[in-house]
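Reviewing the structure listed below.
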Amino acid sequence: MPKMEERLPHLVEQLDGWIEKSKSLCQHGKVASYIPELAKGNQAALGIHLIDGYGNEAMAGDASTVFTLQSISKVFSLLLALMDHGEQLVFDKVGMEPTGDSFNSMLKLELVQPGIPFNPLINAGAIAISSLITGASQQHKLDRVLDFFRLISGNEQLNYNEAVYQSELQTADLNRSMAYFLKDKGVIEQSVDDVLDVYFHHCSIDATCKDLARMGLLLAYNGYDPIRGKQLVPKRYVQIAKSFMVTCGMYNASGQFAIQAGIPAKSGVSGGILTLIPGAVGIGVIGPALNSKGNSIAGVDLLEKLSQHYDLSIF
Ligand code: GLN
C-alpha cells in the first residue's frame, strides 16, 4: 500500500499553504442556521486531517474543531442497515439514483413512482434507512448506532451531541413531514417519532476531522481497517456506499464535484466533508461556512485544488 508521502509528496510541508489559499472563501459562505444550534459554527474556520494506511497523519488549520456529522452519518447508517438486512431489503426502501434536487426536497417523492426515496443520502432516503436499524428497544438501536460509529472511527469517545439533537428535534417540521409521507406509503413501518429519533441522533454525533479521516480510510480500503488489521464492513457494501458518495454525496453539486475533484465524498450541513483516496488515504475537512448548495465553500475549494494538484481524480 502506498504511503502518504508517495501519493502526496511534500503535502505535509505545504498543507498550511493550501489552507491559506482557500480560507478567504469562508467569508463568502453562510453557516447553517435552520438547525439553530449549528449557527454556533465558526464561519472563518477551515481545517483538514489526512491519515494513510500506516497511521501516518497530516493536519492543518482548524482540524481540531468539533462538529456534528450531520449528513456524513448517512453513509454509515446505510452500511449498518446493509449489514443488518442485506441489499435486497434495503433497496426495497430506497432507490439508487441521484435526484438533482436539494437534500431536503420532497418533490420527487410524490412525482415519481413508486414513492420510495431516490437514494439513501437525501434526507427522505436516510430517514427510511434509519427505520431499518435493528435493536430490541429504541435505546438498543441508539446504542448500536453509536457503537458502530465508535468502531469505524476507532474512537471510543465519540458521542451524541445532546444540544444539537434537541435543536434539530425542535425544528424538524420538514423532515417530520417526509417521515409521515413515507409511513403512509409503507416505506416506514414503525412510529415516525422513533425513526426520526434514530435519524437525528446519528446526525448529531460529535466528531473531528481526524474521526472523518479514520472513517474515510476504512472506505478507502473497502471496509478493511489497515491500522487494526481487520475487515470491519463487507467490501461489497463499502462499494455501494462509495458509489452513492460519487453520485449523490455532495447533494445536487455531486456532478460538479466529480468533475472538479473526482473523489468519493460526503458533506454535511455542519460544514464537514469526508473523502478519500482509494487504497491510500482517508481525509476529513471542516469549514462551517456553506455555499448555496449546502457544502463547505472553502472545503470544496480546498479539495478541488488538492485533487487537481496531486492528480487524485479516480476518473
Ligand atoms: N440533520 C440534517 C437534516 O436532516 C442533515 C442534513 C445535511 O447535513 N445536509 O436536515
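The values are calculated or read from the model by the stated rules, or taken from the named source; none is laboratory data. Treat the numbers as computed from the prediction; the structure is a model and nothing was measured. Please note: Cβ atoms are built from the backbone with ideal geometry, for glycine as well, and neighbour counts cover all protein chains shown. Remember, those area values only see protein heavy atoms, side chains included, never the ligands or the DNA or RNA. Shrake-Rupley method; radii C 1.70, N 1.55, O 1.52, S 1.80 Å.
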Test: Ala280 is within 16 Å of the ligand (Cβ to nearest atom) and surrounded by fewer than 23 Cβ atoms within 10 Å (Cβ to Cβ): no
Restricting attention to the range 243-251, does a residue exist that is outside any helix (DSSP H, G or I) and surrounded by 22 or more Cβ atoms within 10 Å (Cβ to Cβ)? yes
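State the number of residues belonging to the range 269-308 that are in contact (Cβ under 8 Å) with a residue 40 or more places away in the chain and outside any strand (DSSP E or B).
Total satisfying the criteria: 24.
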Is it true that Gly125 is buried (at least 17 other Cβ atoms within 10 Å of the Cβ) and either part of a strand (DSSP E or B) or free of Cβ contacts under 8 Å to residues at least 60 places away in the same chain (or both)? yes
Looking only at the range 43-68, which residues are more than 28 Å from Asn104 (Cβ to Cβ), touching a residue at least 60 places away in the same chain (Cβ under 8 Å) and part of a loop (DSSP other than H, G, I, E, B)? Gly53, Tyr54, Gly55, Ala63, Ser64
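Would you confirm, using the coordinates I've provided, whether Ser307 is open to solvent by less than 10 Å² (accessible area, probe 1.4 Å) and within 13 Å of the chain's Cα centre (by Cα)?
Considered against the rule, which asks whether it is open to solvent by less than 10 Å² (accessible area, probe 1.4 Å) and within 13 Å of the chain's Cα centre (by Cα), Ser307 comes out as no.
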Filtering the range 43-60 down to residues that are more than 13 Å from Gly271 (Cα to Cα) and open to solvent by 40 Å² or more (accessible area, probe 1.4 Å), which residue is nearest to the ligand (Cβ to nearest atom)? Met59
Inter-residue pairs, beta-carbon under 7 Å, first open to solvent by less than 10 Å² (accessible area, probe 1.4 Å) and in the range 197-219, second within 16 Å of the ligand (Cβ to nearest atom) and charged (D, E, K, R), 6+ apart: Phe200/Glu168; Cys203/Glu168; Ser204/Glu168
Of the residues in the range 242-271, those that are among the polar types (S, T, N, Q) and within 23 Å of Gly29 (Cα to Cα) come to Asn252, Ser254, Gln256, Gln260, Ser267, Ser270
Which ones in the range 172-189 are surrounded by 16 or more Cβ atoms within 10 Å (Cβ to Cβ) and among the polar types (S, T, N, Q)? Asn175
Report yes if some residue within the range 137-151 is under 18 Å from Lys74 (Cβ atoms), within 21 Å of the chain's Cα centre (by Cα) and within 11 Å of the ligand (Cβ to nearest atom); otherwise report no. no
Only one residue in Ala179, Ala207, Ala253 is aliphatic (A, V, I, L, M), within 16 Å of the ligand (Cβ to nearest atom) and more than 20 Å from the chain's Cα centre (by Cα). Which one? Ala179
Hey, among the residues in the range 14-42 that are assigned to a loop (DSSP other than H, G, I, E, B) and open to solvent by 70 Å² or more (accessible area, probe 1.4 Å), which one's farthest from the ligand (Cβ to nearest atom)? Asn42
Working only within the range 234-253, note down all residues that are touching a strand residue (DSSP E or B) at 6+ places or on another chain (Cβ under 6 Å) and not small (Gly, Ala, Ser). Met245, Met250
